[in-house]
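Undergrad: The structure follows.
The values are calculated or read from the model by the stated rules, or taken from the named source; none is laboratory data. Bear in mind that the values here come from a model prediction, so they are computed numbers and not experimental data. Please note: Cβ atoms are built from the backbone with ideal geometry, for glycine as well, and neighbour counts cover all protein chains shown. These accessible areas exclude ligands, DNA and RNA; they are computed on the full protein's heavy atoms, side chains included. Shrake-Rupley method; radii C 1.70, N 1.55, O 1.52, S 1.80 Å.
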Amino acid sequence: MLAGACGSAPRGPAAEGERVADPPGAVRATLDELLLDRDAQRHPSDGGGRAWIEVAEVGPAAEATASGHGRWTFVYEAGPEGIAVGGMVFLQVSPFWGWSTPQVQAEDAPGYTVVSTEAEGLVLEPETLGQQLLGIRVGGRSLAPGEQIRIVYGAGLQGARADRYAERESRFWIAVDGDGDGVRRLLPDSPVVEVGPGPPARMVLTVPSVARPGEVLPLTLAVLDAVGNAWPVIEGDLALAATGGASLPESVALSPEDRGRVVVEVTAAAEGTVSIEAHGPSTLNGVSNPLVVSPTLPRVYWGDLHGHSGLSDGTGTPEDYYRYARDIAALDVAALTDHDHWGMETLSESPELWEGI
């Protein structure tokens, strides 16, 4: 194996015990931390038990609204190994995109969390340990198999603030350090919520950039919330008009089943530059990108070749990433480029996640 760096000559294999020089920009401390976690020995009780959402008191169970506030109650039930005195249960809310950090100090602040149990003699010590991370230490006696801990996230007056981006399969990660040695493992099936979009706030119109005279083109109309989340429920007619040489229907109807997205056929007529306007319900208005009608200009294609899903430090599922790129942004090409070691689960050691991508 050869290793090199920008501006340096290649070097041969490292001698035994020698560390090859890091490439420019490498963060050795982060790599060492990842390797330490990967190689740590897990006790059989680490990652034991199960957890579920008991109540979502704002809206239907296991749902949230982007940037909205709510309250969610989780129940953790100890597995066959239980949890020893000094062991911990962790609630890790997604550290990206704005979820409130679970905290136990300020009842009148977002993210206030109440932890309780009906198990006699058990003492629980909850503490915020980091960004969106709550740890609950077990004391008094061990948590026996089948005994439960209730975690009410957003128990205060302001509730807890949800992710500002809509996404399916947004997880509240539960992890367990069963023997208290500081090494934890995620539960294999942590609770999931679906974060829906906020109210309709803007409309985006997209047509190809170049067309031939007489060509029939797709016009994608997408109603979004204030931060660009797609698929809100909206109903009503959109009035359409084109400036320049193009023909299209005078209006199109949006039904609740369309979830704010519809495609209309546009016919490019004479050479020139075309733009399309749409006016809809709730004062929603939009103007398309310019469309140049020409018999000779080269085609223009649009793509996004760098994006992350919730499998690393992005949001949503891989399927929804591509769905948004195709059906909302109307891109011609897209690529998902998730980090392999920067999510709650390590992709390099999760064949099923690689297969999903």
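Undergrad: Would a scan of the range 63-75 turn up a residue that is open to solvent by less than 20 Å² (accessible area, probe 1.4 Å), touching a Gly at 6+ places or on another chain (Cβ under 7 Å) and of a type in the set (Phe, Trp, Tyr)?
TA: Yes, the conditions are met somewhere in the range 63-75.
Undergrad: Which one of ILE357, ILE328 is farther than 21 Å from GLN92 by Cβ and touching a helix residue (DSSP H, G or I) at 6+ places or on another chain (Cβ under 6 Å)?
TA: ILE357
Undergrad: Let me ask something additional. Which residue, of VAL114, VAL152, is of a type outside the set (Asp, Glu), closer than 24 Å to THR65 by Cα, open to solvent by 40 Å² or more (accessible area, probe 1.4 Å) and not in a loop (DSSP other than H, G, I, E, B)?
TA: Exactly one of VAL114, VAL152 is of a type outside the set (Asp, Glu), closer than 24 Å to THR65 by Cα, open to solvent by 40 Å² or more (accessible area, probe 1.4 Å) and not in a loop (DSSP other than H, G, I, E, B), namely VAL114.
Undergrad: Okay, moving on. Write out, first by first residue and then by second, each pair whose Cβ atoms fall under 7 Å of each other, whose residues are 6+ apart or on separate chains, and whose first residue, in the range 233-254, is under 30 Å from THR65 (Cβ atoms) while the second is of a type in the set (Ser, Thr, Tyr) and open to solvent by less than 50 Å² (accessible area, probe 1.4 Å).
TA: GLU235/SER255
Undergrad: Return a yes/no flag: does the range 298-306 have any residue that is surrounded by 15 or more Cβ atoms within 10 Å (Cβ to Cβ) and under 30 Å from MET344 (Cβ atoms).
TA: Yes; the residues of the range 298-306 include at least one that is surrounded by 15 or more Cβ atoms within 10 Å (Cβ to Cβ) and under 30 Å from MET344 (Cβ atoms).
Undergrad: Let me ask something additional. If you take the residues of the range 310-344 that are in contact with a strand residue (DSSP E or B) (Cβ under 8 Å, 6 or more places away or on another chain) and of a type in the set (Ser, Thr, Tyr), which of them is surrounded by the fewest Cβ atoms within 10 Å (Cβ to Cβ)?
TA: Selected residue: TYR322.
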